[in-house]
Amino acid sequence: MKTLLLAPELFRAEGGIARILRAYLHAMILGAPQGSSVGAIVLNDDDSSLQRIPAYLRRASISPLVPADRSKVRFTAASLWHGRNADRIVCGHIHLASVARLVQWINPRMRYNVIAHGIDVWRPYTWTERGGLMRAHKILCVSEYTRRQILRFLPSLDPAKLEIVPNTLDPDFAFPDLPRPPAAHPWPRILTVARLTRNDTYKGVDTLIEAMPLVRRQLPDARLVVVGGGNDEARLRGLAQENGGPDAVEILGMIDDARLRDEYSRCHLFALPSRKEGFGLVFLEAMSFGKPCLGARAGGIPEVVDEEVGELVEYGRIDQIADACIRLARRPFDPRRIREHLAKFSFEEFSKRLNAALADPDAVPSR
């Protein structure tokens, strides 16, 4: 059995898609039968970025491993060459399904699968995307909400093709030691982590900033800490100045992993009242530190955050965001119970779901 992962990126960026595709690659290697091979062809990575492959993948056999260095021609050529004798392809993004269809044209017995992350598939499709989804063997959806959105925009698609495989934390993620259950916090530190770009205003960072004056009426020493950067950062800094200044809102910009872990440890609650999250890996990261979470009642977030680990609010409702922050700060949470909630999103559970979805009893192994 020869499997290929077609990925937009794996190590050149630290976005959610890159992180979850690393978990896909690891899970497929672990689930590969004896004598099988798993390879990856990566559109945006180059040789230097692939030097960041973590130890668990260095110990595995990844063959082939082709960085296309942002060349679509090189990516397509490598996919055709290595796919000519592949048994299955996993497309890490809907935009790569057209390449998998080309491979299938020269290798008709090959079956391909498409990963549906979230907003990438919550929209009308081009005719090539429609064809890519219709011809796919399986479509792996990160949430039930994403599954429903695909069927909404492509009702002719066979629902049996859509499998729900919730996201997970990268298997090399180091879980921190949990603190003792804290008391209520009269001076809560509220953390949010997001891209601060004009295309990502749906993440609701501005509504969090605007909620801080209401939060500080009840909790005068509360502070919002914003981690992230982008072309909307200047506007958000101006908005922060209008809503309490640096005492109320601290925008850190981009920070390294060690500093991010420190911020997760120091915060009292995590908030991301986003409207368009297909899943929300950052909620799992916050929960791994035993922190309660505030999310919007939108997209796939309600499938990750429930009343046991936090609260949900209506998107854009500044009054609800403020009230929820106050309640979460005043409500003692047991970090161990929050960590237990992560069990359903463990890498082991993810790996089982993924490999069960990819299993094809009718497949003819390559020779």
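Any read-out appearing in this document is the output of simple, stated calculations on the displayed coordinates, not a laboratory observation. For clarity, every value in this text was computed on a predicted model and none was experimentally measured. Cβ sites come from the backbone with ideal geometry, for glycine too, and all protein chains shown count toward neighbours.
Across segment 1-142, Cα pairs under 8 Å and at least six residues apart give a relative contact order of 24 percent.
Legend: calculated FRET efficiency, SER61 to ALA258, from the Cβ-Cβ distance at R0 = 35 Å, rounded to 0.05, equals 0.70. Stretched out straight at 0.36 nm per residue, the stretch from VAL73 to ALA234 would grow longer than its current Cα-Cα span by 54.3 nm. Each label was represented as a point 7 Å from its Cα along the Cα-to-Cβ direction; for LEU30 and ARG336 these points are 2.5 nm apart.
Counting alpha carbon pairs within less than 8 Å and at least 6 residues apart, what relative contact order, in whole percent, applies to the chain? Relative contact order comes out at 16 percent. Protection proxy ranking, highest mean first, for peptides 226-239, 130-143: 130-143, 226-239, where packing is the per-residue count of other beta-carbon atoms within 10 Å, averaged. Pick out, in residue order, every one of the chymotrypsin sites (Phe, Trp or Tyr not before Pro) in segment 104-167 that is DSSP loop and has at most 16 other C-beta atoms within 10 Å; say none if there are none. Within segment 104-167, the qualifying chymotrypsin sites (Phe, Trp or Tyr not before Pro) (loop, at most 16 other Cβ atoms within 10 Å) are TYR125. Projected label points at PHE173 and THR128, each 7 Å from Cα along the beta carbon direction, are separated by 3.3 nanometres. Once a ≥ b ≥ c are taken as the square roots of the eigenvalues of the Cα gyration tensor of segment 189-345, is the result rounded (a/c under 1.5), prolate (a/b larger than b/c) or oblate (a/b not larger than b/c)? Verdict is rounded for segment 189-345. In segment 189-345, Cα pairs under 8 Å separated by at least six residues give a relative contact order of 25 percent. The dipole here belongs to the chain: it is taken about the Cα centre, uses +1 on the Cβ of Lys and Arg and -1 on the Cβ of Asp and Glu, and is about 920 debye. Overall, segment 189-345 carries a charge dipole of about 140 debye about its Cα centre when +1 sits on the Cβ of Lys and Arg and -1 on the Cβ of Asp and Glu, all other atoms neutral.
Qualifying trypsin sites (Lys or Arg not before Pro) in segment 93-123, where qualification requires a DSSP coil assignment and no more than 14 other C-beta atoms within 10 Å, comprise ARG109.
Label sites at GLU348 and ASP221, each approximated as a point 7 angstrom past Cα along Cα to Cβ, lie 4.1 nm apart.
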